[in-house]
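Contents: one structure, followed by commentary.
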Amino acid sequence: MLASSHLPQNLIVYADDDIDDRFLFEDVLKDLPVSFTLTMVNNGQQLIELLNQADCQLPAALFLDMNMPRMNGLECLLAIKTSSRLKALPVIMLTTSLSTPMIKELHDHGADYYIQKPSSAVILTQMIGLALSLISEAGSSQPRLSEFILKPKV
């Protein structure tokens, strides 16, 4: 169960260049037991510009695709985690790959969780809900690498 009182605010940002993935993400977010405001961007450069606006309210969580034009997910993650203003922002990588070296690199650079994009909306809802619950419980502590990859309950 999501505890909205533990989230700094109910704003979620999702960065993905695939319009179908953005629509799916928006749909599954509506199925969660807590209401969120969603802001979506379609490339890494837009994301960084948005987050660096002086009046930008930092989100409770950022879901970030790896493969985007202009700035990929790793480049965005590095920009976020090296910024004194943004480094505490919880970042959940959401991508199709399950490359072990890439996953370790993302963990090493400070991503909070990793979700392999599922083919099912039900599983995606479960994974997003799990990530948000873990972030609200753990605050700013990054999990060990063995707990970094979120997997659906079978």
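Points to keep in mind about this one:
- Remark: the Asn10-Glu137 segment gains 44.3 nm on full extension, using 0.36 nm per residue and subtracting the alpha carbon distance.
- Given their separation in residues at 0.36 nm each and the Cα-Cα distance between them, Glu75 and Val122 gain 14.0 nm when the chain is fully extended.
- Kyte-Doolittle mean at least 0.0 and Cα axial length at least 18 Å: DSSP H helices in the chain: 121-138
- With a simple spin-label model that places each label point 7 Å from the Cα along the Cα-to-Cβ direction, the separation between Asp55 and Lys30 comes to 2.9 nm.
- For peptides 96-104, 129-137, sequence by mean Cβ density within 10 Å, most packed first: 129-137, 96-104
- Förster radius 22 Å - calculated FRET efficiency between Ile149 and Arg85, Cβ distance, rounded to 0.05: 0.20
- Considering only Asp20, Asp31, Asp112, the mean-square fluctuation computed in a Gaussian network model of the chain, springs between alpha carbons under 10 angstrom, is largest for Asp20.
- Of the cross-linked pairs Lys81/Lys153; Lys104/Lys151; Lys87/Lys153; Lys104/Lys153; Lys30/Lys81, those separated by over 24 Å at the C-alpha level are Lys81/Lys153; Lys87/Lys153; Lys30/Lys81.
- Counting every other Cβ atom within 10 Å of each residue's Cβ, Arg22, Arg70 order from fewest to most as Arg70, Arg22.
Rule-based calculations on the coordinates, nothing more; no lab input. Keep in mind that what you see is a predicted model, and the values were worked out from it rather than measured. Glycine gets a Cβ as well: all are built from the backbone with ideal geometry, and neighbour counts include every protein chain shown.
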